[in-house]
1. Can you find a residue in the stretch 144-160 that is under 30 Å from the mean Cα position of the chain (by Cα), assigned to a loop (DSSP other than H, G, I, E, B) and under 30 Å from residue 59 (Cβ atoms)?
2. Could you list, in sequence order, the residues of the stretch 83-96 that are in contact (Cβ under 8 Å) with a residue 24 or more places away in the chain and surrounded by fewer than 18 Cβ atoms within 10 Å (Cβ to Cβ)?
3. Could you tell me how many of the residues in the stretch 97-134 are surrounded by 13 or more Cβ atoms within 10 Å (Cβ to Cβ) and assigned to a loop (DSSP other than H, G, I, E, B)?
């Protein structure tokens with residue numbers, strides 16, 4: 001086993017060493033001009049700072065999207081954050097009410113939810129369900145918060161690239177022939193270069 005591992009490591013380093021090329025000196029001015037033009041294609045064309053977009057989005061959800069001038073995303077971010085906040089608050093409120101009712105029932109006092117939940121086991125089961133839902137909402141809300149930060153960061157990075165107008169991607173309706181000599185309607189994903 002050790003011999004096989006040593007052989008794999010040896011061949012891995014041998015191929016890695018072969019992959020390194022010597023730098024090529026260009027003496028032809030036409031080739032040099034081509035390389036300069038290629039380098040100009042990849043110059044930074046954006047004035048947006050991805051770190052600033054991420055920081056703004058982390059401080060105030062949606063602020064990174066405003067910084068990136070993607071105003072249509074801001075209502076989505078705010079709606080998502082407010083929705084998560086509402087349902088976390090609701091589940092937490094009901095959980096605490098059911099927890100207090102379970103404590104009162106265990107001590108022999110009257111349950112405020114007696115008209116809705118009669119048995120103590122159902123009370124405990126509902127309490128656990130609301131706690132689990134609250135915890136899952138906190139986890140998914142945190143993931144949504146991180147996702148909007150990542151979105152602001154990536155969108156600011158993508159502004160650096162020039163987009164060629166001849167590139168297109170889209171969904172178009174299509175009609176396909178089937179083996180049974182009939183036709184099927186559908187959608188096709190089209191990528192044009």
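Read-outs throughout are calculated quantities, based only on the coordinates presented, and are distinct from any laboratory measurement. A quick note: this is a predicted structure, and the numbers were derived from the prediction, not measured. Reconstructed Cβ throughout: ideal geometry from the backbone, glycine too, with neighbour counts over all protein chains shown.
1. yes
2. Hits for the stretch 83-96 are 85, 87, 92.
3. Qualifying residue count for the region: 4.
Yes/no matrix, rows are residues, columns are (1) in contact with a strand residue (DSSP E or B) (Cβ under 6 Å, 6 or more places away or on another chain); (2) on the phi < 0 side of the Ramachandran plot; (3) in contact (Cβ under 8 Å) with a residue 12 or more places away in the chain:
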{"position": "118", "(1), (2), (3)": "no, yes, no"}
{"position": "132", "(1), (2), (3)": "no, yes, no"}
{"position": "139", "(1), (2), (3)": "no, yes, no"}
{"position": "144", "(1), (2), (3)": "no, yes, yes"}
{"position": "148", "(1), (2), (3)": "no, yes, yes"}
{"position": "159", "(1), (2), (3)": "no, yes, yes"}
{"position": "171", "(1), (2), (3)": "yes, yes, yes"}
{"position": "180", "(1), (2), (3)": "no, yes, no"}
